[in-house]
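Here's the structure, in structure tokens; my notes come after.
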């Protein structure tokens, strides 16, 4: 079992064979499909950054980041849905008495794509299933 912190709130997360079934039951979607969304997002982000750097070699890192961020807006909705579903399923695996998914989302006031918990959840799920 591991703990993650989202906006000052600690949550236990767990991953095991039951997690696969719970994710499908909770979201009518396989957890591997959501992991694939995360992987694709990161691949597209890396490829776009490399493309911008190659096309505009004199561009500063912050300009490259802005360009990539603007491009990635096309993919962010799917990424956010996938990572929150995975996080919730891992939390539910650890404690089936937790609040509903909607209540969990309602509690995230400031969603930042580079929050530590996103990396922690992604690594935990990938280590478990990949």
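What follows draws every value from the coordinates through simple rules; no lab data is involved. Quick caveat, the model's predicted, so the values are computed rather than measured. Methodologically, a virtual Cβ is constructed for each residue, glycine included, from the backbone with ideal geometry; neighbour enumeration extends over all protein chains shown.
As a size descriptor, the averaged projected area of the C-alpha convex hull of the chain was calculated at 8.4 nm². Of the residues 26, 47, 38, the one that moves most in a GNM of the chain with alpha-carbon contacts below 10 Å is 47. Using a ≥ b ≥ c from the Cα gyration tensor of the range 1-56 (square roots of the eigenvalues), is it rounded, prolate or oblate, where a/c under 1.5 gives rounded and otherwise the larger of a/b and b/c decides, a/b for prolate? Oblate, since a/c reaches 1.5 and b/c is not below a/b. Take every Cα pair under 8 Å whose residues are at least 6 apart in sequence, average their separation, divide by the length of the range 2-129, and the relative contact order is 40 percent.
The alpha carbon gyration tensor of the range 37-84 gives principal lengths a ≥ b ≥ c with a/c of 1.5 or higher and a/b greater than b/c, which makes the shape prolate.
For the pair residue 112 and residue 12, a Förster radius of 22 Å applied to the C-beta separation gives a FRET efficiency near 0.50, rounded to the nearest 0.05.
Compute the Cα gyration tensor for the range 71-130, then decide on rounded, prolate or oblate, letting a ≥ b ≥ c be the square roots of its eigenvalues: rounded whenever a/c is under 1.5, prolate when a/b is larger than b/c in the other cases, and oblate in all that remain. In terms of gyration-tensor shape, oblate.
Helix 116-129 and the longest principal axis of the Cα set of the chain meet at an angle near 70°. Based solely on its DSSP helices, what 222 nm [θ] is calculated for the chain when runs of n ≥ 4 H residues each add -39,500 (n - 2.57) and the sum is averaged over all residues, nearest 500 deg cm²/dmol? Computed mean residue ellipticity for the chain: -21500 deg cm²/dmol.
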